[in-house]
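Presented below is the structure to which this report refers.
The values are calculated or read from the model by the stated rules, or taken from the named source; none is laboratory data. Note that the coordinates shown come from a computational prediction; the quantities given were computed from them, not determined experimentally. Positions of Cβ are generated from backbone atoms using ideal geometry, with glycine treated the same way; all protein chains shown enter the neighbour counts. When the accessible area is computed, the model is the full protein with side chains, heavy atoms only, and any ligands, DNA or RNA have been set aside. Shrake-Rupley method; radii C 1.70, N 1.55, O 1.52, S 1.80 Å.
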Amino acid sequence: MLFSRQTNGIRIKTARELELMRTAGRIVAEVHARMREMVQPGVTTADLDAAAEAIIRGYDAIPAFVDYPNARQGGPVFPATLCTSINDELVHGIPSRQRVLAEGDIISIDVGAIYKGYVGDSGWTYAVGQVSDEAQRLLEATEGSLWAGIAQATVGNRFVDVSRAVQQFAEERGFSIVREYTSHGVGSKMHEEPQILNFVPTDRRDAARSYPAMNRRLSAGMTFALEPMVNAGVWETRVLDDEWTVSTKDGRLSAHFEHTIAITDGEPEILTKLS
Ligand code: MG
Ligand code: MG
């Protein structure tokens, strides 16, 4: 989600809410299983979008991104089921019949589904055929940073513990963490409190404003979408003329991995994993 400074309460989900989120998460996981099969040279991002929408609607669920409001007041709403972001694009790419996947591309596919009012949200970056060594290392570092964050998402830890683990994993491998977009709470809305930064702010005074939840502790029943976005070059990004697609400022590669998880008294539960 786009970085903002608002803060409110963090909702603890009931057993019933968690059950609905499990179903929403499974639908999203099934979409990713299909994407994994479909991603290959020659496929258009519109083809991927149509397949994803059919799966979601087949479960009487609703694609969560359709008509999502633009960050700019009066800007265009998001027009599709998937965000499909290729190579230097990291998030919010718009599916199109003109975008054809080519050997060596990487494509980040983000999907959200709403089932009976509850949201599953998951993104994954896929290699199209054989990719460069740098692309392969970036994919591994970004997925690894997600799992490093999930491993810290346990009762009693602070949000900043999750952020630090994500950042360290990516930076130790020579990559940079995107700052302008964050991980987030999720539930009956796609973006709930808190914002969870994928890095630790270094300026202590600014941290109190930019990351008000950083020293709060995690409790069982909280649900989050953890989603590191990791760049091969600089961390800065820019929004393209379509007012949605976000690309790296330097044109180098970016990757994005995201799971919706629930905090439990033991290991975190991955809600967007096929079980
Ligand atoms: Mg997402
Ligand atoms: Mg998300």
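A few comments on the model shown:
- Scanning the stretch 94-108 for residues that are in a strand (DSSP E or B) and open to solvent by less than 10 Å² (accessible area, probe 1.4 Å) turns up 106, 107, 108.
- Condition check for residue 150: within 16 Å of ligand 1 (Cβ to nearest atom), within 29 Å of residue 50 (Cβ to Cβ) and either of a type in the set (Phe, Trp, Tyr) or touching a residue at least 12 places away in the same chain (Cβ under 8 Å) (or both): no
- Those residues of the stretch 193-241 which are among the acidic types (Asp, Glu) and modelled with pLDDT of 95 or more, in sequence order: 227, 236, 241
- If the condition is being in a loop (DSSP other than H, G, I, E, B) and either under 13 Å from residue 236 (Cα atoms) or away from ligand 2 (no atom under 13 Å from the Cβ) (or both), then the stretch 176-195 contributes 178, 179, 180, 188.
- All of 128, 91, 111 fail the test of being of a type in the set (A, V, I, L, M), more than 13 Å from the chain's Cα centre (by Cα) and either surrounded by 19 or more Cβ atoms within 10 Å (Cβ to Cβ) or within 30 Å of residue 269 (Cβ to Cβ) (or both), apart from 128.
- Checking 159, 199, 175 one by one, the residue that is within 30 Å of residue 95 (Cβ to Cβ), touching a Leu at 6+ places or on another chain (Cβ under 8 Å), free of Cβ contacts under 8 Å to residues at least 60 places away in the same chain and of a type in the set (A, V, I, L, M, F, W, C) is 175 and no other.
- Being part of a helix (DSSP H, G or I) and among the hydrophobic types (A, V, I, L, M, F, W, C) is a property that residue 71 lacks.
- The one condition in (1) more than 16 Å from ligand 1 (Cβ to nearest atom); (2) farther than 28 Å from residue 88 by Cα that residue 189 fails to fulfil: (1)
- Candidates in the stretch 94-108 are the residues that are over 12 Å from the mean Cα position of the chain (by Cα) and of a type in the set (Gly, Ala, Ser); of these, the one that is nearest to ligand 1 (Cβ to nearest atom) is 96.
- From 118, 68, residue being in contact with a Phe, Trp or Tyr (Cβ under 9 Å, 6 or more places away or on another chain), of a type outside the set (Val, Ile, Thr) and within 16 Å of ligand 2 (Cβ to nearest atom): 68
- Considering residues of the stretch 223-243 that are buried (at least 24 other Cβ atoms within 10 Å of the Cβ) and part of a loop (DSSP other than H, G, I, E, B) only, the residue nearest to ligand 2 (Cβ to nearest atom): 227
Quick grid of which residues meet (1) more than 16 Å from ligand 2 (Cβ to nearest atom); (2) outside any helix (DSSP H, G or I); (3) basic (Lys, Arg); (4) at pLDDT 95 or above:
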| position | (1), (2), (3), (4) |
| --- | --- |
| 110 | no, yes, no, yes |
| 123 | no, yes, no, yes |
| 130 | yes, yes, no, yes |
| 143 | no, no, no, yes |
| 147 | yes, no, no, yes |
| 161 | yes, no, no, yes |
| 170 | yes, no, no, yes |
| 174 | yes, yes, no, yes |
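- Neighbours by Cβ (under 6 Å, 6+ apart or cross-chain): first from the stretch 49-61, closer than 15 Å to residue 37 by Cα; second surrounded by fewer than 21 Cβ atoms within 10 Å (Cβ to Cβ): 51/34; 55/30
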